[in-house]
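Colleague: The structure that follows is given in the form of structure tokens.
Readers should treat all values here as calculations from the given coordinates under stated rules, not as data from a laboratory. Because the structure is predicted, anything quoted here is derived from the model rather than measured. Every residue, glycine as well, gets a Cβ built from its backbone with ideal geometry; the counts of neighbours run over all protein chains shown.
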């Protein structure tokens, strides 16, 4: 069981408080979504959780061990991170892009050994990319690229997966597809942390919610506890109405 | 096919180098060339091959290789197909350093002055560029490079303006055209150590360059120290390109073109591009140097840098159109 | 060359036009009252002026006139004011005649034309016939014809003396202090030929007619001696690539190199014959030391 804990984390950037006194816990086997309005500090929190950014105060613990004490390479092996709208700059084949996810496990100065072949195949298959494996990554559609990036993130089977806005720029079908794949990772026992704007998808697929507003923690807990119309209305400063049907929760906003 | 790339390029380079030993104002036949090794040490062909064409060929190979390698590394680092050593101001800085060394008499006091000043100039501009771009991304590094390039160019003009030698203006113009004419073993000995160290620094960054294809954040998340990689590559650039510029003057376009020639052949992977780009750069420079010896207009030979620019500029145009089409 | 000639014609036309409407009295008008005073703006006209005129009749010479490696009259120039070829200096010094060279800054000349100062452009002769012509031209303008003829006669005596020596020409490679090969039909070539040398850099195997000799061609041509110009304090530059090339140092340094100051070949004045005479002495002395052919020379040169 690996859990990531933020303990009284704060972040100050050019004199401005970006995050203040954040306490949060992300458990293994659970999909935790981070929600909140633009500029609430979601991306900063994800950066801190993934160890890419040092907090100004507080601690980040992975399995009761300070994250900062892990070596760059060990950390890279244990958690994968996908930024918003991740792209590839060269027309590299999808297969090679996925293989880049193995970078922290490669021996120095050697190409990807043949023994990694099955892992790459498995990641390609998990993301329905087998038919696209030789296509240049720059020629992929938005949905295909998102899948390729996810395959890149999971190819090394990291215990923790942190994803910033996986549905940004995707049509509904691809957005649902993307979140389902993240759900599958959580079901496989990994810790999954996702910042997301699409409330409907968040509430349907997540186990837990971290709600951020102006750098403060507004609410934190299982979806059933946090997802109330009142909390969400306060979070977004618009009136939110929730309704339930057989396909799950539906979110509506009133102007 | 891909496995044959490096051996194939190596064979091409050897052929080009051989041609470079035989070609010139006087063509030597292979028999004469062979004779130069067996015949007297002071025979005409032995002197021409041993003391003029061999160092010149080695310099062409060395300089072309470091420029090609550098272009590949910088394009990978900046994730920009138009990046080249000149972009970051290293060549301009090296030019300024060398100009100061040559025209204010430091070369007379110690023979290493030109390359050392060239290196210092390259280092200063690279450092200044890094400092200006600190915290910013690729774009700010490119902008900072443009800024330091203009500063170094202004410095060259000032050095010229105040130069004690009335022919300085003519000479510096000539020197900025880039040439390998009449270089000797002294120049090889001066440049080689810096070029080798610079090339090593660039080659060890291969893994990082591959990861950087995903952007700096993802590379960082994959355990790559992006800041250190940037420092490594800029140091390698300052060392290698600084030394090359100090010895041969400004030779543009090789660093831009060479990576593009080989990139499709290695599946566009940044790390795999490095060695073939170095070989392609070496072939390009060696052949261009041979061409400049044979081509003359009204009795004046075309300078190496000018010749390469004449080929390079249309290629650059094509590249811009091509990139525009791809990103449109 | 045609550009220079065109410029000269234009200058002359402008001068003629201005002469009619000049506010200042024409020099000839004042000439009757006192001898005209001359200002020289060019290193070569400096030397002519200094050779033709007593010091009190020279207002100023160019700042280059005091450099002994570029001017035979450097010593005489030390007692004379100097100028930097600027129009404001002319206004301050108010000469009766200004001597300018073909390369004097056109902007300065135009300004002086506008102000109505009489100017004489003196050509840059590349042979002895041209030297005679400009010496007579300047001597006439400053009314020192007798002194002019004296200078020409001295030059011709030296030339006759040089012509009596009929030993074979010595093969040399010659370049100036900036590393440029002596050009065909240049004064440098004239001086070399008169001194008894033939410059190999103007014939095949050298391909460059303008520019610097290359080391490969130098090895092929294998000249017996190298003649190179050396300025007052040798400035480093690109020419070092040839001058300091290890092969050039190995085979030509020491006895096989004759270093001459630019004064030998820069200005076409009657002293060029003297320069040729000096060079001949140096060539003959060096030739004795360099008897042994170079190891790579073809055909026992």
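Colleague: What residue among A:134, A:171, A:245 has the largest mean-square fluctuation in a Gaussian network model of chain A, using Cα springs under 10 Å?
Modeller: A:245
Colleague: Can you tell me the relative contact order of chain B? Whole percent, Cα pairs under 8 Å, sequence separation 6 or more.
Modeller: 29 percent
Colleague: Say R0 is 45 Å: what FRET efficiency, to the nearest 0.05, do residue A:234 and residue A:64 get from their beta-carbon distance?
Modeller: Between residue A:234 and residue A:64 the formula returns 0.85.
Colleague: Measuring from label point to label point, each 7 Å out along Cα→Cβ, what is the residue B:317 to residue A:13 span in nm?
Modeller: Reported label-point gap for residue B:317 and residue A:13 is 4.4 nm.
Colleague: Convex hull over the alpha-carbon atoms of segment C:127-213: what's its volume per residue in Å³?
Modeller: Taking the convex hull of the Cα positions in segment C:127-213, it is 106 Å³ per residue.
Colleague: Between helix B:185-203 and chain B, what is the angle of the helix's C-alpha long axis to the longest principal axis, kept within 0 to 90° and rounded to the nearest 10?
Modeller: In chain B, helix B:185-203 runs at an angle near 20 degrees to the longest axis.
Colleague: Taking every pair of alpha-carbon atoms in segment A:1-41, give the share separated by more than 12 Å as a whole percent.
Modeller: Value for segment A:1-41 (Cα pairs over 12 Å): 68 percent.
Colleague: What is the distance in Å between the Cα centres of segment B:3-77 and segment C:239-268?
Modeller: 29 Å
Colleague: In deg cm²/dmol, rounded to 500, what helix-only [θ] at 222 nm does chain A give when every DSSP H run of at least 4 residues adds -39500 (n - 2.57) and the total is split over its residues?
Modeller: Calculated mean residue ellipticity at 222 nm is -8500 deg cm²/dmol.
Colleague: Which of these, B:291, B:238, B:163, has the largest mean-square fluctuation under a Gaussian network model of chain B (Cα springs below 10 Å)?
Modeller: Comparing B:291, B:238, B:163 in the GNM, the peak value goes to B:163.
Colleague: Extension gain residue A:71-residue A:105, at 0.36 nm per residue separation less the Cα-Cα distance, in nm?
Modeller: Taking 0.36 nm per residue and subtracting the Cα distance, the gain is 11.0 nm.
Colleague: Still on this model: Just rank C:177, A:43, B:95, B:150, fewest to most, by other beta-carbon atoms within 10 angstrom.
Modeller: Lowest to highest Cβ neighbour count: B:150, A:43, C:177, B:95.
Colleague: Could I have the simple spin-label model distance between residue C:145 and residue C:114, label points 7 Å from Cα toward Cβ, reported in nm to one decimal?
Modeller: 3.8 nm
Colleague: Let me ask another. Principal axis extents for segment B:121-261, Cα atoms only, whole Å, descending order, please.
Modeller: Its Cα atoms span 56, 32, 26 Å along the three principal axes.
Colleague: As I understand it, the value is the acute angle between the Cα axis of helix B:138-162 and the longest principal axis of the Cα atoms of chain B; what does it come to in degrees, rounded to 10?
Modeller: The angle comes out near 40 degrees.
Colleague: Moving on. Tell me, what is the FRET efficiency for residue B:147 and residue B:231 to the nearest 0.05, using R0 = 22 angstrom and their Cβ-Cβ distance as r?
Modeller: Efficiency, rounded to the nearest 0.05: 0.70.
Colleague: Can I ask one more? Compute the FRET efficiency between residue A:249 and residue A:28 as 1/(1 + (r/R0)^6), taking r as their Cβ-Cβ distance and R0 = 22 Å, and round to the nearest 0.05.
Modeller: 0.35
Colleague: Right, another one. For a label point 7 Å from the Cα of residue A:3 along Cα→C-beta, name the residues of segment A:178-201 whose backbone N is under 20 Å from it.
Modeller: It comes to A:186-194, nothing else.
Colleague: Looking at the P(r) of segment B:34-105, how many percent of alpha-carbon pairs lie beyond 16 Å? Walk me through the intermediate numbers first.
Modeller: On the way: 1713 of 2556 pairs.
Of all Cα-Cα distances in segment B:34-105, 67 percent exceed 16 Å.
Colleague: In addition: Between residue A:184 and residue B:38, what is the label-point separation in nm under the 7 Å Cα-to-beta-carbon projection?
Modeller: Distance between the two pseudo-spin positions: 7.2 nm.
Colleague: Kirkwood Rh over Cα pairs of segment A:16-76 into Stokes-Einstein at 20 °C, 1.002 mPa s: D in µm²/s?
Modeller: Estimated via Stokes-Einstein, D reaches 167 µm²/s.
Colleague: Separate question: If one takes the longest principal axis of the Cα atoms in chain A, at what angle in degrees, from 0 to 90 and to the nearest 10, does the Cα axis of helix A:117-126 lie?
Modeller: Value to nearest ten degrees: 40.
Colleague: Can you give the three extents of the C-alpha atoms in segment B:252-307 along their principal axes, from longest to shortest, in whole Å?
Modeller: Reported extents, whole Å, longest axis first: 45, 14, 12.
Colleague: Per residue, how big is the convex hull of segment B:199-328 when only Cα atoms are used? Give it in Å³. Working shown, then result.
Modeller: Details: hull volume 15.0 nm³, N = 130.
Dividing the Cα hull volume of segment B:199-328 by its residues yields 116 Å³.
Colleague: Averaging the inverse of every distinct alpha carbon separation and then flipping it gives the Kirkwood radius. What is it for chain B, in angstrom units? Don't skip to the end; give the middle numbers.
Modeller: Values: mean 1/r = 0.0496 Å⁻¹.
Its Kirkwood hydrodynamic radius stands at 20.2 Å.
Colleague: Related question: Rounded to two decimals, what is the ratio between the C-alpha radius of gyration of chain A and 2.2 N^0.38 Å?
Modeller: Relative to the 2.2 N^0.38 Å estimate, chain A comes out at 1.02.
Colleague: Using only the Cα atoms, what convex hull volume per residue in Å³ does the protein assembly as shown have?
Modeller: Here the figure is 215 Å³ per residue.
Colleague: Please compute the length gained on full extension between residue B:173 and residue B:189, using 0.36 nm multiplied by the number of residues separating them and subtracting their Cα-Cα distance.
Modeller: Once the chain is fully extended between residue B:173 and residue B:189, it gains 3.2 nm.
Colleague: Antiparallel DSSP bridges in chain A: what percent, to the nearest 5? Before the final figure, lay out each step's value.
Modeller: Working: 28 of 45 bridges.
The answer is about 60 percent antiparallel.
Colleague: Using alpha carbon centroids, what distance separates segment B:182-234 and segment A:51-107, in Å?
Modeller: Their Cα centres are 22 Å away from one another.
Colleague: Based on alpha-carbon atoms only, what is the radius of gyration of segment A:36-119 relative to the globular estimate 2.2 N^0.38 Å?
Modeller: 1.34
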